[in-house]
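Step one of this worksheet: look at the structure below.
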Amino acid sequence: MVGERETSPNPIQVTIEVGSGGGGTTESMDVLDQNSNCIEDVSCTTFNILAPIYKRLNGVSCESELRESEFREYWLNRNECILESLLHRKSSIICIQEFWVGNEELVGMYEWRLSDAGYATYKLARTNNRGDGLLIAVHQKDFQVRNYRELLFNDFGDRVAQLLHVELIMNFTQNKTVNIEKEALVVNTHLLFPHDSSLCFTRLQQVYKILQYIESYCDEYHLQHVPIILCGDWNGSKRGHVYKFLRSQGFVSSYDIAHHYTDEDAQKWISHRNHRGNICGVDFVWLYNPNNHRRPLKESFMEAVLGNIKNHLHDLGSYITYSQFLQTFSQLGITSHFNVLSTEEVKELWDQVDTDEDGVIEFSLLNSALNSQAFSQQKESSDESEQRGTEGIMSNTSTTLGFKIKNAVLFPPEVEKGLWPENYSLSDHAHLTVEFSPVTMQCC
């Protein structure tokens, strides 16, 4: 279940069952001539600002419970610096994670400063009074907010997500007779930290719920061709199954496209030093353009889950029966505690793999099947990936909005080389800013 709140004009909490979603289709697009300077670039910044209730004053390796939230001067000064850094960027959209929603003074400071700079702000607390949450700020000179929704996962980690339906404010000096759809969807989220391997399934399910909801929302509002930007702290690297799952759904990592990195370039950059002292790249601005290939959502999700339990299945031996298959899902909590898949969906997944219907699967064949399906677009070159992420294919029907990735920058700059600077004190995360050039595309 995904809890959904629509906060405009009056906040009312409702609960809906989001369907599993249908198959995606390949769209045909054409990038129109953008030689005139009639469309301004827009930008998006994502930043986990490390809530003071989580910041240990004695460093990441100390077990002390002394937190920054106990010292007003500390958290106030740090957050004033964060605001200065964000306002200096002048991004069109700012997505913040670990926003200390439980402190009225801090919330008021952010809302006042951002509003004074021309932003409309939307905050969302995690469920069960965790103390922190999310904040989206949208600059009103660049985007008009058409709708705002809140997704409450009500899961193990009390995670939430925000969805903004926006319309780009732009004036065309050419082709004035063309009716151009200028809408886009923006999502801000913070996935569960994988404290142990079993939580990887919960993280996959959180992404699945987001994509399910996007499909449902697009159906409800008849948005057939709309770009989607997913921002946040994904608590997983390019080696993980969440990354591969999103790639299978046509999303591209904006930073990697801007720097011509492939899916295999997992150590070129970092964005986080976690509470264990490990450095990794976990903060992403994902882009989906309507021309990108998108596999059926449920099919990709089930393959991602199967790929995640492959090692557990290997421990069963050379051959796997259906009862062993089902028992593995149950032991990992996928069909019980985490409720990621139902027993019926596990049987559906088995039937896809047991092609000869003899009730037994040879593990080597299962491994080959997973590799051949390649639910991420792993084999495309960086040039091909960039083209798929930013351009289109010739067509001659309706016109819609798309985004070309122009640039992407991490701060502090050392993290772009895989190094974490010891004198950096804004957060335990870097912030990522992506610059987009809006383009018009013709779609069928």
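Derivation of every value follows stated rules applied to the coordinates shown; laboratory data play no part. Only a predicted model underlies this, so the values are computations on that prediction, with no experimental measurement involved. We place every Cβ from the backbone using ideal geometry, glycine too, and count neighbours over all the protein chains shown.
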Can you give the FRET efficiency to the nearest 0.05 for H275 and C81, using r as the Cβ-Cβ distance and R₀ = 25 Å? 0.75
In what order do Y221, Y213 fall by count of nearby beta-carbon atoms within 10 Å, going from fewest to most? Y221, Y213
Computed label-point distance, nm, for sites N311 and S342 using a 7 Å Cα→Cβ extension: 3.1 nm
Considering the zone a paramagnetic label at Q352 would reach in this model (a point 7 Å from Cα along the Cα-to-Cβ line), which residues of segment 206-237 have amide N under 18 Å from it? 206-213, 215
Any chance you could check the Cα centroid distance between segment 184-242 and segment 113-155 for me, in angstrom? 17 Å
Relative to the present Cα-Cα distance, how much length would full extension add between A117 and H293 at 0.36 nm per residue of separation? 59.6 nm
PRE reach from L66 (point 7 Å along Cα→Cβ): which of segment 257-296 fall under 20 Å by backbone N? 275-277
With no solvent and one equal point scatterer placed on each C-alpha of segment 66-146, evaluate the Debye formula and give log10 I(q)/I(0) for q = 0.19, 0.23, 0.26, 0.27 Å⁻¹, two decimals. -0.84, -1.16, -1.37, -1.42
Using the basic label-point model (7 angstrom from Cα toward the beta carbon), what is the M109 to L57 distance in nanometres? 1.6 nm
To the nearest 20 debye, what charge dipole does segment 282-330 have about its Cα centre, counting +1 at the Cβ of each Lys and Arg and -1 at the Cβ of each Asp and Glu? 160 debye
Run down the lysines and flag those whose C-alpha is under 30 Å from the C-alpha of K406, throwing out any fewer than 8 positions away in its chain. K90, K123, K141, K176, K182, K209, K238, K244, K268, K379, K417
Inter-label distance for E220 and N154, nm, one decimal - labels placed 7 Å from Cα along Cα-to-Cβ: 1.5 nm
